[in-house]
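Comments concern the structure below.
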């Protein structure tokens, strides 16, 4: 009997130590809005309109678990499982049960090494350029810079350096971004992703570069972004410039269902080249609220224009937003946007939405 009690005591003691060393957090974001968005082809008069409830306007809807285990000597094992969903009907936002899956090791001294389905590197450094961003619609920042969207890559390994007085970098590689790894498929899309970031005091800077390549493509797809923001106390100003070359990491204009609205798929597109620029300002109204205004523009190159006989060489997105914090986790928001030359066509677009955002 004494031996059994001793064994149980040891097991409970070991279990208590393990629980003390392991930290698991359940987290998520819930966002729902009401309003409308529409696009109109001015050449044909065709209009595509959506109104009513919208899911994931100010923020993408997601839930997940993340955790860390202390392995001693400053080393930690880490993991993250995150899933996206549509709040209005409960369906998943993609064909992946988890849109992000990571497992890795991290150290303050040596940095971190992460494996799994991961976003490209610049997403972790240049989120401040989004401005009054509609995650699913016209003012989504990925309509200007495809690498700044919520792109995820399968079969990825990423190294992130420790922070050196505000400066760090990230570099990663994927053997096939969209499917399972294989040894003989010309359609496997390989990714090299990298970013450099600096964040100290009121100043934030970011530089990102990505390269996508499949054997079936004539050329690799490149994208780069340089971005910066500065907090002047009375307002925070953010700017970015970048290019998409030979294609895009994410599609553009695909939510309009009519054939009168063209869109550009992700991946290689012959002679595709665009140069983008964005500027936005966030102005605190009071302790609980802030207003955001932004302008994003993207211009097609002459070769791109000549190859596809574009209606417009320049796309402009004007947007404004307002957020009022009901608490640290819950806020009300309003968002409006007006677009010209959408997807390099003679297409205008507009949207107005109000909604509620909650994080846990």
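The values are calculated or read from the model by the stated rules, or taken from the named source; none is laboratory data. Keep in mind the model is a prediction, meaning the values are calculated, not measured. Every residue, glycine among them, receives a Cβ derived from its backbone with ideal geometry; neighbour counts consider all protein chains shown.
Of the residues 195, 147, the single one that is at pLDDT 95 or above, touching a helix residue (DSSP H, G or I) at 6+ places or on another chain (Cβ under 7 Å) and either crowded, with 23+ Cβ neighbours inside 10 Å or within 20 Å of residue 227 (Cβ to Cβ) (or both) is 195. Say we look at the range 294-306 and pick out the residues that are surrounded by 17 or more Cβ atoms within 10 Å (Cβ to Cβ) and under 21 Å from the mean Cα position of the chain (by Cα); which of these is farthest from residue 248 (Cα to Cα)? It comes out as 294.
Entry remark, the range 277-294: residues being part of a strand (DSSP E or B), farther than 15 Å from residue 228 by Cα and touching a strand residue (DSSP E or B) at 6+ places or on another chain (Cβ under 8 Å) number 8 in total. In the condition set (1) surrounded by fewer than 18 Cβ atoms within 10 Å (Cβ to Cβ); (2) within 19 Å of the chain's Cα centre (by Cα); (3) in a strand (DSSP E or B), residue 237 is compliant with all but (2). Per this entry, residue 131 is counted among residues that are on the phi > 0 side of the Ramachandran plot and either surrounded by 14 or more Cβ atoms within 10 Å (Cβ to Cβ) or touching a residue at least 40 places away in the same chain (Cβ under 8 Å) (or both). Say whether the condition of being within 23 Å of residue 276 (Cβ to Cβ), surrounded by 15 or more Cβ atoms within 10 Å (Cβ to Cβ), at pLDDT below 95 and touching a strand residue (DSSP E or B) at 6+ places or on another chain (Cβ under 6 Å) is met by at least one residue in the range 163-178. Taking every residue of the range 163-178 in turn, at least one turns out to be within 23 Å of residue 276 (Cβ to Cβ), surrounded by 15 or more Cβ atoms within 10 Å (Cβ to Cβ), at pLDDT below 95 and touching a strand residue (DSSP E or B) at 6+ places or on another chain (Cβ under 6 Å).
Of the strands (runs of 3 or more DSSP E) lying entirely inside the range 307-360, those containing at least 3 residues that are farther than 26 Å from residue 257 by Cβ and over 20 Å from the mean Cα position of the chain (by Cα) are 314-325, 330-340. Within the range 225-268, which residues are farther than 30 Å from residue 167 by Cα, touching a residue at least 40 places away in the same chain (Cβ under 8 Å) and in contact with a helix residue (DSSP H, G or I) (Cβ under 9 Å, 6 or more places away or on another chain)? Those that are farther than 30 Å from residue 167 by Cα, touching a residue at least 40 places away in the same chain (Cβ under 8 Å) and in contact with a helix residue (DSSP H, G or I) (Cβ under 9 Å, 6 or more places away or on another chain): 252, 253, 256, 261, 262, 263, 264, 266. With (1) modelled with pLDDT under 95; (2) surrounded by fewer than 16 Cβ atoms within 10 Å (Cβ to Cβ) as the list, and residue 249 as the residue in question, which single condition is left unmet? Failed condition: (2).
Go through the residues of the range 33-54 one by one and say whether even a single one is part of a loop (DSSP other than H, G, I, E, B), without any contact (Cβ under 8 Å) to a residue 40 or more places away in the chain and loosely packed, with under 13 Cβ neighbours inside 10 Å. There is at least one residue in the range 33-54 that is part of a loop (DSSP other than H, G, I, E, B), without any contact (Cβ under 8 Å) to a residue 40 or more places away in the chain and loosely packed, with under 13 Cβ neighbours inside 10 Å. Scanning the range 64-103 for residues that are on the phi < 0 side of the Ramachandran plot and part of a loop (DSSP other than H, G, I, E, B) yields 86, 87, 88, 89, 91, 93, 94, 95, 96, 97, 98, 99. Filtered by the rule that a residue be surrounded by fewer than 16 Cβ atoms within 10 Å (Cβ to Cβ) and free of Cβ contacts under 8 Å to residues at least 24 places away in the same chain, the range 327-350 gives 327, 328.
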